[in-house]
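The values are calculated or read from the model by the stated rules, or taken from the named source; none is laboratory data. Everything numeric here is computed off the predicted structure, so don't read it as measured data. Quick reminder, even Gly has a Cβ in these numbers, built from the backbone with ideal geometry, and neighbours come from all protein chains shown.
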Amino acid sequence: MADSLLIRGGRIIDPSREIDRTGDLLVRDGKIAVLVDVPPSEDDYAVLNASGFIVCPGFIDLHCHLRQPGFEEKETIATGTRAAARGGFTTVCCMPNTRPPVDSESMINYVKTIAAREAVIRVFPIGCVTIGRKGEELADLNEMEMAGAVAFSDDGAPVGRPEIMRRALEYSRDFRRPVIDHCEDLSLSRDGQINEGIVALELGLPGIPAAAEELMVKRDIDLARETGGHMHIAHVSTSGSADLIRAAKEEGVPVTAEVSPHHLTLTDEAVLKYGTLAKVNPPLRTKQDTLALLRALSDGVIDIVATDHAPHTTADKAGEFARAASGISGLETALGSLVELVLKSELSLNNLIAALTIGPARVLGFEKLGTLESGAPADICIFDLHKEWIVDVSKFASKGKNTPLAGQRLRGKVMATIYQGNPVYMDESLRIKDKYEI
C-alpha cells in the first residue's frame, strides 16, 4: 500500500464545496491532502492519470440489500461490496430485512464484524424499527444506535401502525437518526403486481395504485410534523408523493426522500419487454411520474439517489409473474443508467453527483463523507462520462444478475474507485504508475 497518490489532470467535481474544475488531487495516508494547483513531481507519488475523466467523491448508497445473514445465495457482504466498488460506491447502508432481521445490538454487531473482515468498502448497518420486522412492537432503537446503526427501517414492509411510527420518530428526534419508511398501504396494494394502469390491464395483472404509496407518505409527513423526528421516504415512485414532500419541505417539516435509478429511467411499459426483471416494489410507474421525480430531484425536493439494490437468484425471478420476487440488482449499473439523463440535459451532472455523494452524507449527518475536503477520507470515484459499455451480467461482482439492463449499451463508466486512499476497483485500461496494486 502506497502512502501517497496523485490523481492527475481530471475534471474535479465536488458539490459539497461547489468545485468544478480541472486539476490534480493529492491523497496522503488515506485522506484527501489537497486539491493541487501546481503539480508536484511525479517522482514523489504513485500517479493515476485521470485526464478526460470525472473525479468526484465516492458514491454513498443509503439503501441497498446485502442479504447477509440468511440469504447468502442471493448476495453476501463480500460480493455486494465488490459490486458496489465497481459502481463507484465507497459507502453502502444495508437494509435489515435479513434472516434473522437486524433488530438488536447483537445483529448490528454481526453485520459490523462481517463487514470488517470481508467488505472492500465502508458498510453502515440499518436497524429494524420493529422487533422481527413484524410491525407489532418497537425494537430497542437506542441499543442499536449505540451499537452503530445509522438509521432505522422495516424496509420491504411498511410500519403500518401509526403509534409505533410516532414513537420511532420521537427517538429519531432525540438521537438524530433518520427513520426510513417503505410507504405502502397494504390494504390498497393487496395482491398488486405492477402499476395500476393501461399496462396492468393489457397483461391482466392486478395493479398497485399510486394512492397506496401516497397515503402512507402523507401519514409519515404528518407524524414527522408532530414529533419533529427525521422521516426519510424510501424509493419515491409517484408524482403525488413528490408533491407531498415538496409541500412538507416548504413548511419546514423534517423530511428527506430518495429515488431509485429505475424509477427515474424506466416506466411500467418495461414490464412488457422485460417481464419479471422489471418487477419492483414500489412498481415502475408512468412517464408522467418519472418526469415529476426527475424534476423533484433537480429541485432538491428529492434529496438523493439510492439504488435499492435487490439481488435475487435466477429462480427467484423465474416462472409466474405473481410468484416472482421484486427487485433489481442495481449497484453496478446505477451510474450508467443515470448518465443518459445527463447527456440528454434532463439532469445536470453536478446535481447527479450531489445526489450520490453529499446528499446522502447530509441525510445521515456525516460531515466528513461525500466530500473532497482536505482531511476527509480519500473516498473517490473516477468515471468516464462518455465511455460506452455493454451490461454483461456474467461479469457482475454481485450474485444478483437480475436486471432489465442486461445486454444493453450504456454510457458512463466507472474507471476507478478509491476507498480510504486505496484502489478497490480499477478498469482494465487503467494503471497506477509506480506503487499500487489491486
Problem - Residues within the range 33-47 that are within 20 Å of P423 (Cα to Cα) and either part of a loop (DSSP other than H, G, I, E, B) or at pLDDT 95 or above (or both), tallied - result: 1
Exercise for the section: Name the strands (runs of 3 or more DSSP E) wholly inside the range 379-438 in which the number of residues that are under 18 Å from the mean Cα position of the chain (by Cα) is 3 or more. Expected result: 380-390, 409-419
Completion exercise
Counting only residues in the range 179-206 that are touching a Leu at 6+ places or on another chain (Cβ under 9 Å) and farther than 28 Å from M95 by Cα, the one surrounded by the most Cβ atoms within 10 Å (Cβ to Cβ) is identified as V199
Problem - Any hit, the range 46-57, residues being closer than 30 Å to E136 by Cβ, in contact with a strand residue (DSSP E or B) (Cβ under 7 Å, 6 or more places away or on another chain) and buried (at least 23 other Cβ atoms within 10 Å of the Cβ) - result: no
Practice task
From (1) basic (K, R); (2) within 22 Å of P311 (Cα to Cα); (3) surrounded by fewer than 18 Cβ atoms within 10 Å (Cβ to Cβ); (4) touching a residue at least 40 places away in the same chain (Cβ under 8 Å), pick out the condition that doesn't hold for R409.
Solution key: (4)
Handout entry: Search result, residues across the range 103-157 that are under 21 Å from I77 (Cα atoms), among the acidic types (D, E) and not in a loop (DSSP other than H, G, I, E, B)
Key = E105, E118, E145
Fill in the blank from the handout: Checked against (1) over 16 Å from V363 (Cβ atoms); (2) free of Cβ contacts under 8 Å to residues at least 40 places away in the same chain, A248 satisfies every condition except (1)
Exercise for the section: Determine whether S237 is touching a strand residue (DSSP E or B) at 6+ places or on another chain (Cβ under 9 Å), assigned to a helix (DSSP H, G or I), at negative phi and hydroxyl-bearing (S, T, Y). Expected result: no
Problem - Any chance E258 is surrounded by fewer than 21 Cβ atoms within 10 Å (Cβ to Cβ) and modelled with pLDDT of 95 or more - result: no
Fill in the blank from the handout: When the range 58-73 is checked residue by residue, the ones that are buried (at least 21 other Cβ atoms within 10 Å of the Cβ) and either under 30 Å from I7 (Cα atoms) or out of contact with any Ser or Thr (no Cβ under 6 Å at 6 or more places or on another chain) (or both) are G58, F59, I60, D61, L62, H63, C64, H65, L66, R67
Exercise for the section: With the condition kept exactly as written, say whether any residue in the range 135-155 is out of contact with any Gly (no Cβ under 9 Å at 6 or more places or on another chain), in contact (Cβ under 8 Å) with a residue 12 or more places away in the chain and among the hydroxyl-bearing types (S, T, Y). Expected result: no
Completion exercise
In the range 377-392, residues that are surrounded by fewer than 18 Cβ atoms within 10 Å (Cβ to Cβ) and touching a residue at least 24 places away in the same chain (Cβ under 8 Å) total 4
Practice task
Working only within the range 376-406, note down all residues that are farther than 19 Å from T307 by Cα and hydroxyl-bearing (S, T, Y).
Solution key: S394
Problem - Qualifying residue in the range 76-86 (condition: over 19 Å from N422 (Cβ atoms), in contact with a strand residue (DSSP E or B) (Cβ under 7 Å, 6 or more places away or on another chain) and assigned to a loop (DSSP other than H, G, I, E, B)) - result: no
